[in-house]
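> I'd like to ask you about the structure that follows.
The values are calculated or read from the model by the stated rules, or taken from the named source; none is laboratory data. Since the structure is predicted, the reported quantities are computational estimates derived from the model, not experimental observations. Reconstructed Cβ throughout: ideal geometry from the backbone, glycine too, with neighbour counts over all protein chains shown.
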Amino acid sequence: MTKPVILVVDDEQDILDLLEYNLIKQGYEVLTSNNGRDGIQLTKKHRPSLILLDIMMPKMDGHEVCRNLKQDNDLKDIPVIFLTARSDEQSEVRGLDEGADDYLAKPISISKLMSRIKAVLRRVRDSVDAPKNNLVFDHLTIDRDRYVVLKENHEIRLPRKEFEVLYLLASQAGKVLSRQHLLNEVWGANIYVIDRTVDVHIRKIREKLGDSYIETVKGVGYRFRKP
């Protein structure tokens, strides 16, 4: 079996060395970069299984790197975990809003990091292996084979997390799903992300598809309304 490849992008050599040592011990192949610009080039060349990404870096910071990756159709599905000294909620929401799969504050707990990496890689693998059932409504098709949405024959590409939130809601159309249920199913029960993360992703979906599909049920969660 091919080893997963982890790309670590951080401008602190001590962090690179620490993470590379522990990732290799866990059986991963490791690539490293000390700046965001080179990190993008390594991603294009090697297509890693997952990226560990610092935020405050020279040449190109982590937010810009993540935005660039998520706007590239060939790279947008590579999961990203932010590792950063910024531990405030606003920074976390911004990182998740940009498409990151998880967000960990420094100083890093190696055991927690390894657990998060395994959980993210497992969710990606499960989503690839899951039966591909496209959902078809009037003027709207949610195509899980290609991870795209067709609205009146216009193709709309969503980042993976936004697509998974939409697909989960639409697969249970008419049923109210709580924020916690959406978090558990899309991000995983063992990963801590705040409830507001779901709200951010719902807002992004509405910006692209319109407000008519997803209804907010105050104090409970969200419901997909069939067109």
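> Go through segment 100-124 and report how many residues are closer than 14 Å to Ser49 by Cα, surrounded by fewer than 16 Cβ atoms within 10 Å (Cβ to Cβ) and in contact with a strand residue (DSSP E or B) (Cβ under 8 Å, 6 or more places away or on another chain).
Of the residues in that region, 0 qualify.
> Give me the strands (runs of 3 or more DSSP E) completely within segment 69-181, filtered to those with at least 3 residues that are in the same structural domain as Thr216 (by TED's automatic domain parsing) and modelled with pLDDT of 80 or more, ordered by residue number.
Details: elements: 80-84, 102-105, 135-137, 140-143, 148-151, 154-157, 176-178.
Passing ranges, in order: 135-137, 140-143, 148-151, 154-157, 176-178.
> Across segment 28-46, what is the number of residues that are in a loop (DSSP other than H, G, I, E, B) and more than 16 Å from Val120 (Cα to Cα)? Give the derivation first.
Of the residues in segment 28-46, the ones in a loop (DSSP other than H, G, I, E, B) are 28, 34-35.
In the following step, the residues that additionally are more than 16 Å from Val120 (Cα to Cα) were identified as 34-35.
Of the residues in segment 28-46, 2 are in a loop (DSSP other than H, G, I, E, B) and more than 16 Å from Val120 (Cα to Cα).
> Glu20 is checked against (1) outside any loop (DSSP other than H, G, I, E, B); (2) touching a strand residue (DSSP E or B) at 6+ places or on another chain (Cβ under 8 Å); (3) within 16 Å of Leu121 (Cβ to Cβ) and fails just one. What number does that condition carry?
Only one criterion is unmet by Glu20, namely (3).
> OK, next. Taking into account only those residues within segment 50-93 that are among the β-branched types (Val, Ile, Thr) and over 14 Å from Leu7 (Cβ atoms), which is surrounded by the fewest Cβ atoms within 10 Å (Cβ to Cβ)?
Filtering segment 50-93 down to residues among the β-branched types (Val, Ile, Thr) leaves 51, 55, 65, 78, 80-81, 84, 93.
Adding the requirement that they be over 14 Å from Leu7 (Cβ atoms) leaves 55, 84, 93.
Working: Ile55: 23, Thr84: 21, Val93: 17.
Selected residue: Val93.
> State whether one or more residues within segment 188-201 are exposed (fewer than 14 other Cβ atoms within 10 Å of the Cβ), in contact (Cβ under 8 Å) with a residue 24 or more places away in the chain and either acidic (Asp, Glu) or not assigned by TED's automatic domain parsing to the domain that holds Lys112 (or both).
Yes.
> On the given criteria, is Thr32 crowded, with 19+ Cβ neighbours inside 10 Å, under 19 Å from the mean Cα position of the chain (by Cα) and of a type in the set (S, T, N, Q)? Talk me through it step by step, then tell me what you get.
Working: crowded, with 19+ Cβ neighbours inside 10 Å: yes; under 19 Å from the mean Cα position of the chain (by Cα): no; of a type in the set (S, T, N, Q): yes.
In short, no.
> Further, regarding this structure: Taking into account only those residues within segment 48-68 that are outside any loop (DSSP other than H, G, I, E, B) and touching a strand residue (DSSP E or B) at 6+ places or on another chain (Cβ under 7 Å), which is farthest from Asp11 (Cα to Cα)? Don't jump to the end; show me each part of the working.
Our first condition is that a residue be outside any loop (DSSP other than H, G, I, E, B); within segment 48-68, this holds for 50-53, 62-68.
In the following step, the residues that additionally are touching a strand residue (DSSP E or B) at 6+ places or on another chain (Cβ under 7 Å) were identified as 50-53, 62, 65-66.
Values: Leu50: 18, Ile51: 14, Leu52: 12, Leu53: 10, Gly62: 11, Val65: 14, Cys66: 16 Å.
So, considering only residues that are outside any loop (DSSP other than H, G, I, E, B) and touching a strand residue (DSSP E or B) at 6+ places or on another chain (Cβ under 7 Å), the one farthest from Asp11 (Cα to Cα) is Leu50.
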